2 protein chains.
Amino acid sequence: MALTPLWFLERAATVHPTRTAVVHGSVHYTWEQTYQRCRRLASALSRRNIGAGSTVAIIAPNVPALYEAHFGVPMAGAVLNTVNIRLNASTIAFLLGHSKSAILMVDQEFFSLAENALKILAENDNHYNPPLLIVISDKSCRPESLKDALGKGAIEYDKFLESGDPEFAWKPPEDEWQSIALGYTSGTTASPKGVTAKAVYSAIANQGVTHFCAAPVVLNTIVNAPKEETILPLPRVVHVNTAGAAPPPSLLFAMSEKGFHVTHTYGLSETYGPSTVCAWKPEWDLLPPIEQARLRARQGVRYTGLEGLDVVDPKTMKPVAADGKAMGEIVMRGNLVMKGYLKNPEANKEAFANGWFHSGDLAVKHPDGYIEIKDRNKDIIISGGENISSLEVENVLYTHPAVYEVSVVAREDELWGESPCAFVTLKPGTEKSNEGRLAEDIIKFCRSKMPAYWVPKSVVFGPLPKTATGKIQKHVLRAKAREMGPVKKSKL
Amino acid sequence: MALTPLWFLERAATVHPTRTAVVHGSVHYTWEQTYQRCRRLASALSRRNIGAGSTVAIIAPNVPALYEAHFGVPMAGAVLNTVNIRLNASTIAFLLGHSKSAILMVDQEFFSLAENALKILAENDNHYNPPLLIVISDKSCRPESLKDALGKGAIEYDKFLESGDPEFAWKPPEDEWQSIALGYTSGTTASPKGVTAKAVYSAIANQGVTHFCAAPVVLNTIVNAPKEETILPLPRVVHVNTAGAAPPPSLLFAMSEKGFHVTHTYGLSETYGPSTVCAWKPEWDLLPPIEQARLRARQGVRYTGLEGLDVVDPKTMKPVAADGKAMGEIVMRGNLVMKGYLKNPEANKEAFANGWFHSGDLAVKHPDGYIEIKDRNKDIIISGGENISSLEVENVLYTHPAVYEVSVVAREDELWGESPCAFVTLKPGTEKSNEGRLAEDIIKFCRSKMPAYWVPKSVVFGPLPKTATGKIQKHVLRAKAREMGPVKKSKL
């Protein structure tokens with residue numbers, strides 16, 4: 001029988017029908033209600049002939065409809081394409097065209113964005129068949145925008161659900177290779193909305209939160225929050241799963257000081273998400289906290305669901321020595337790895353060369369078998385023929401008391417070919433007039449903590465460009481470094 | 001990539017190489033050692049051309065070699081056939097012939113049993129090719145028996161391992177339908193060895209046991225143990241998984257009084273083992289203990305790994321009403337269900353009729369979706385046209401203070417066709433001379449606690465016949481009841 005995550009919902013609804021499944025503002029749904037809503041969605045889609053071979057796109061923040069789409073769409077046999085709400089209209093137009101979505105579900109808040117995207121798509125493609133629009137009403141938005149959407153022919157999501165059967169007899173996929181989701185990885189210039197530490201602490205206090213997942217950028221906000229926005233000590237143990245970027249040890253240390261239990265996982269959109277975990281060993285509990293943070297900053301070992309993980313020499317495909325020094329590329333294989341890139345055989349050939357999925361991340365393997373990322377393939381800095389891990393330089397910079405966020409990229413260097421250039425955001429409250437003195441201080445700090453050739457030759461202050469998922473965009477910083485021109489020989 | 005449990009061992013050895021994996025007397029192996037021993041076994045088998053298509057049988061108690069065979073044999077691509085050590089020589093001869101085992105691994109203690117089985121097999125089949133014998137040495141046995149085995153050409157297990165490569169590059173199965181194990185379900189007249197409650201408590205005290213699995217018959221020994229053999233209160237929470245027979249609520253109540261946390265699971269050899277679990281709900285913690293025991297005695301809901309579970313009318317295959325009353329057959333489907341019966345297409349056709357596996361167990365479904373077994377299909381008693389669940393009669397009998405074990409079967413009845421007949425083992429220390437008075441007392445007790453037509457008309461004292469896995473053999477008791485002749489009309 002083909003394995004599918006859809007059964008988890010049916011089981012939750014059977015075993016825990018009256019327990020709360022989804023909370024959104026004042027809306028609470030039980031598992032039974034959620035299962036019925038998902039079956040209504042699947043049924044309503046089926047009645048419109050949406051099934052095997054169809055794609056349903058959704059542009060929505062983390063509202064109940066987004067959750068329901070993850071089950072309801074594949075229960076109808078169709079593929080779900082979740083569109084990042086931070087993308088701009090032309091990128092969305094490209095995605096909707098590429099995925100050939102037959103239905104577009106859109107949160108009221110993003111209806112005009114969706115409209116603009118569809119307009120661009122129609123202008124660029126004469127044969128384009130516009131999708132059926134379903135608008136998800138949102139009480140926190142202006143009522144006019146809903147009225148506007150309905151006036152333009154969109155169907156209200158809850159009305160659409162009403163047209164479906166809550167007892168719909170959905171069928172599990174016949175074949176495990178039948179796709180249920182289509183995702184596009186991030187790569188945008190739009191800025192993510194800021195999370196405020198206050199909202200996190202308020203959810204912990206009011207909603208009884210015990211577990212959450214957040215990228216290191218969010219953890220950074222939490223540890224740097226002003227005292228009046230925090231609740232310390234925490235009312236209970238709060239477990240945090242972090243992934244999305246390598247968390248600096250200093251950040252993990254600060255989180256543990258505040259009483260959070262952080263588990264560090266690592267993966268890519270192509271490998272479902274987390275495919276390694278820094279599995280904690282009880283004997284590490286006895287180590288000094290800063291040493292614990294250093295161990296926790298490693299990406300760790302494969303999840304039980306991933307069959308193969310290794311760090312290999314990209315040329316020979318042989319595993320590197322487990323000495324914590326030899327660098328190689330992280331490769332994975334097994335059931336957590338994606339089926340492939342849609343309509344892109346060339347990319348698939350490259351990504352799956354030699355029977356492994358190639359992550360593009362460079363790492364070492366420690367004697368205990370735990371892997372640790374040193375850099376993205378393309379982020380490595382080559383100075384005087386020596387490789388410098390931009391990540392390791394950043395980890396040191398994060399321990400400087402004035403540094404809030406930092407990113408290090410290669411800058412052309414007349415003498416060494418390349419040398420590290422640090423882009424730094426200072427902690428709130430730092431005087432702008434102090435920047436000159438601070439740049440010197442940071443370089444001096446680095447000299448005392450790393451090999452001379454690692455030390456950034458230039459320090460640039462200002463906000464860091466980020467992707468929609470909160471990742472720092474090194475390509476933008478590299479372009480800035482290019483604009484700065486090469487480091488002169490005299491600077492040595 | 002085909003899913004296989006073999007990766008779990010590789011992961012344990014990678015992540016927890018120095019942690020204890022297996023303890024047997026004074027022998028301790030770490031996960032790394034265990035993985036190496038399994039790879040040695042796989043390698044040594046491969047070197048003898050044992051691989052895809054071969055079967056390796058093992059007759060051994062719960063020693064490290066038995067554990068290692070579960071990984072080493074499928075790592076070589078072969079199928080493992082574990083033979084119950086309580087079987088007699090002629091049954092073993094049948095199994096070895098049926099499975100065409102190329103290798104027979106046998107614990108020193110059972111070498112002469114294996115020899116006898118092979119002798120029977122050779123006498124019955126002229127074309128029979130005897131398997132290679134590997135003897136597992138056992139320090140607790142007489143050294144002569146090992147010498148004897150080696151003299152007869154058997155290879156010592158540890159010597160066999162030495163011939164294998166500890167770094168053997170085993171290959172996972174290419175296909176999930178590639179068999180890794182062949183099991184024969186129980187059905188024997190040999191008696192199981194008694195477990196003493198003392199050994200259980202001693203392991204809890206000395207080995208730091210936190211979890212164990214045991215059939216209700218073992219739990220019965222634990223709760224009825226004399227005070228001097230027990231440790232109360234327990235030094236820590238001890239979690240127990242029970243399955244193999246329906247545990248009477250009175251037994252679950254007594255276990256919880258002693259501080260054990262019992263989880264009740266249910267399944268068949270054909271469904272991997274546990275395929276349902278009586279998932280505990282926090283709100284039940286507030287109920288009176290006896291009510292908790294009643295809820296816990298239900299077989300519950302499907303495991304997440306089982307895709308389908310239902311109670312259906314055997315004729316229409318329609319689900320019965322979830323009213324706790326309508327009885328039907330338990331059916332299952334999904335990834336926990338076996339591939340099929342070996343060389344038995346007729347049995348497969350019957351067991352898998354209508355796309356479901358038919359358990360042969362009769363149950364009701366409660367309004368909360370939890371299922372509860374009422375009887376085996378063939379154990380139901382039909383009295384005056386009414387169905388009587390022998391299990392429900394037994395559950396009441398178990399609450400009688402003098403009853404240690406009980407089994408209820410149908411006895412022919414001149415008036416009602418059939419009526420219940422109870423076979424009872426009394427608690428240790430009960431005077432034999434009291435049996436007559438006790439039989440009357442038990443019947444009186446039943447009259448006050450169940451419908452009149454459920455009350456056993458006959459009570460027979462004595463030890464109960466059991467299978468090698470500790471299940472009471474109702475067919476033996478039914479034969480005894482037949483020998484007793486029908487219940488006379490006058491007895492009414």
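Per-structure values
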read-out	value
Pick from segment B:417-452, criterion touching a residue at least 60 places away in the same chain (Cβ under 8 Å) and surrounded by 15 or more Cβ atoms within 10 Å (Cβ to Cβ), ranking: farthest from B:VAL393 (Cα to Cα)	B:SER419
Test: residue in segment B:386-399 that is part of a strand (DSSP E or B) and in contact with an Asp or Glu (Cβ under 7 Å, 6 or more places away or on another chain)	no
Boolean, B:GLU418 is part of a strand (DSSP E or B) and in contact with an Asp or Glu (Cβ under 7 Å, 6 or more places away or on another chain)	yes
Lone unmet requirement of (1) modelled with pLDDT of 95 or more; (2) closer than 24 Å to A:TYR341 by Cβ; (3) among the hydrophobic types (A, V, I, L, M, F, W, C) for A:LEU87	(1)
Matching residues, segment B:297-330, being within 14 Å of chain A (Cβ to nearest Cβ) and aliphatic (A, V, I, L, M)	B:VAL301, B:LEU306, B:LEU309, B:VAL311, B:ALA322
Filter result (among the hydrophobic types (A, V, I, L, M, F, W, C) and in contact (Cβ under 8 Å) with a residue 40 or more places away in the chain) within segment A:331-382	A:MET332, A:LEU336, A:VAL337, A:MET338, A:LEU342, A:ALA351, A:TRP356, A:PHE357, A:ALA363, A:VAL364, A:ILE371, A:ILE373
Some residue of segment B:339-352 being buried (at least 22 other Cβ atoms within 10 Å of the Cβ), more than 12 Å from chain A (Cβ to nearest Cβ) and not acidic (Asp, Glu)	no
Residue match in segment B:363-373 (condition: within 12 Å of chain A (Cβ to nearest Cβ), part of a loop (DSSP other than H, G, I, E, B) and either of a type in the set (Phe, Trp, Tyr) or surrounded by fewer than 15 Cβ atoms within 10 Å (Cβ to Cβ) (or both))	yes
Hey, B:TRP170 modelled with pLDDT under 90 and not in a helix (DSSP H, G or I) or not	no
Members of segment A:299-315 that are closer than 21 Å to A:GLU386 by Cα, assigned to a loop (DSSP other than H, G, I, E, B) and either open to solvent by 70 Å² or more (accessible area, probe 1.4 Å) or among the β-branched types (Val, Ile, Thr) (or both)	A:PRO314, A:LYS315
For A:ALA52: the one exception among (1) surrounded by fewer than 17 Cβ atoms within 10 Å (Cβ to Cβ); (2) within 11 Å of chain B (Cβ to nearest Cβ)	(2)
Residue check, B:TYR35 within 14 Å of another protein chain (Cβ to nearest Cβ) and aromatic (Phe, Trp, Tyr)	yes
Subset of segment A:393-409 that is in contact with a Ser or Thr (Cβ under 8 Å, 6 or more places away or on another chain) and open to solvent by 10 Å² or more (accessible area, probe 1.4 Å) - its residue that is farthest from A:PRO249 (Cα to Cα)	A:ALA402
Residues being more than 16 Å from B:SER90 (Cα to Cα) and within 31 Å of the chain's Cα centre (by Cα) - total across segment B:107-154	19
Selected residue (only one of B:THR189, B:THR185 is out of contact with any helix residue (DSSP H, G or I) (no Cβ under 7 Å at 6 or more places or on another chain) and modelled with pLDDT under 85)	B:THR189
Among the residues listed as A:PRO61, A:PRO74, the single one being under 30 Å from B:MET338 (Cα atoms) and out of contact with any Phe, Trp or Tyr (no Cβ under 7 Å at 6 or more places or on another chain)	A:PRO74
Only one of A:LEU133, A:LEU113, A:LEU104, A:LEU161 that is open to solvent by less than 50 Å² (accessible area, probe 1.4 Å) and farther than 25 Å from A:ARG47 by Cα	A:LEU113
When residues of segment A:343-353 are limited to those that are modelled with pLDDT under 90 and assigned to a loop (DSSP other than H, G, I, E, B), the one farthest from A:ASP175 (Cα to Cα)	A:ASN344
1 or more residues small (Gly, Ala, Ser): qualifying strands (runs of 3 or more DSSP E) within segment A:48-161	A:55-59
Segment B:84-95 residues that are assigned by TED's automatic domain parsing to the domain that holds B:LEU66, paired with ones that are open to solvent by 20 Å² or more (accessible area, probe 1.4 Å) and not in a helix (DSSP H, G or I) (beta carbon under 7 Å, 6 or more apart)	B:ASN84/B:SER186; B:ILE85/B:PRO61; B:ARG86/B:ALA190; B:ARG86/B:PRO192; B:LEU87/B:ALA190; B:ASN88/B:ALA190; B:LEU95/B:TYR184
A:ALA293 vs. criteria assigned by TED's automatic domain parsing to the domain that holds A:VAL311, buried (at least 22 other Cβ atoms within 10 Å of the Cβ) and in a helix (DSSP H, G or I)	yes
Any hit, segment B:213-223, residues being in contact with a Cys (Cβ under 7 Å, 6 or more places away or on another chain), within 29 Å of B:ALA363 (Cβ to Cβ), open to solvent by less than 60 Å² (accessible area, probe 1.4 Å) and at pLDDT 85 or above	no
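Results for (1) open to solvent by less than 20 Å² (accessible area, probe 1.4 Å); (2) within 14 Å of chain A (Cβ to nearest Cβ), shown as yes or no for each residue.
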| site | (1), (2) |
| --- | --- |
| B:GLU10 | no, yes |
| B:HIS24 | no, no |
| B:HIS28 | no, no |
| B:TRP31 | no, yes |
| B:ILE58 | yes, no |
| B:ASN62 | no, no |
| B:GLU68 | yes, no |
| B:LEU96 | yes, no |
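The values are calculated or read from the model by the stated rules, or taken from the named source; none is laboratory data. These figures come from a predicted structure and were not determined experimentally. In this analysis, Cβ positions are derived from the backbone assuming ideal geometry, glycine residues included, and neighbour counts consider all displayed protein chains. Heads up: the accessible areas ignore ligands, DNA and RNA and are worked out on the full protein's heavy atoms, side chains in. Shrake-Rupley method; radii C 1.70, N 1.55, O 1.52, S 1.80 Å.
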